[in-house]
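Visitor: Provided herewith is a single structure, encoded as C-alpha cells, for subsequent inquiry.
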Amino acid sequence: MGLQEIALGGIYLSPLLIYAILGLVATLVTRTLLHWLVGQRALWYEAWFDVSLFVLFTAAITFLFTVLLESS
C-alpha cells in the first residue's frame, strides 16, 4: 500500500504530493545539468521537455516508493 495518507499535524496529505516535489527537484537538477553540458540551443520545445521530465520522474519515484513499501 504505497499511496496511504500521511498525517502531519492533524492534516492528511497525499504521498503523491511528496513524490511530485521529489520529481520537481529531480527535473530541475537534470535540466540544469543538461543546459550546462549541451547548451540551451540543443533543446527544442523546452516547455514540453520540462513537463515530460517531470512526469517521467514523478512516475518513476512513485513506482519505486510503491515497490519498496510493498516489499517491506
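The values are calculated or read from the model by the stated rules, or taken from the named source; none is laboratory data. As the structure is a prediction and not an experimental result, all values here were calculated from the model. Here the Cβ positions follow ideal geometry from the backbone for every residue, glycine too, while neighbour counts run over all protein chains shown. Surface areas here come from the heavy atoms of the whole protein model, side chains and all, with no ligands, DNA or RNA. Shrake-Rupley method; radii C 1.70, N 1.55, O 1.52, S 1.80 Å.
Visitor: Residue under question is Leu43, and the condition is that it be part of a loop (DSSP other than H, G, I, E, B) and surrounded by 12 or more Cβ atoms within 10 Å (Cβ to Cβ); does it hold? Can you show your working first?
Guide: Details: part of a loop (DSSP other than H, G, I, E, B): yes; surrounded by 12 or more Cβ atoms within 10 Å (Cβ to Cβ): yes.
Yes.
Visitor: Of the residues Thr66, Thr58, Thr32, only one is modelled with pLDDT of 95 or more and surrounded by 10 or more Cβ atoms within 10 Å (Cβ to Cβ); which? Break it down into steps so the answer makes sense when it comes.
Guide: Numbers: Thr66 fails: modelled with pLDDT of 95 or more; Thr32 fails: modelled with pLDDT of 95 or more.
When all the criteria are applied, what remains is Thr58.
Visitor: Would you please list the contacts, defined by Cβ atoms under 6 Å and residues six or more apart or on different chains, that run from a residue in region 31-54 that is more than 22 Å from Ala20 (Cα to Cα) to a residue that is in a helix (DSSP H, G or I) and not hydrophobic (A, V, I, L, M, F, W, C)?
Guide: That search, which allows pairs on different chains as well, returns nothing.
Visitor: If you don't mind, another one. Which residue pairs have Cβ atoms under 6 Å apart, sit 6 or more places apart or on different chains, and have a first residue in region 1-13 that is of a type outside the set (A, V, I, L, M) and open to solvent by less than 70 Å² (accessible area, probe 1.4 Å) and a second that is at pLDDT below 85 and outside any strand (DSSP E or B)?
Guide: Taking only residues 6 or more apart or on different chains, the pairs are Gly2/Leu69.
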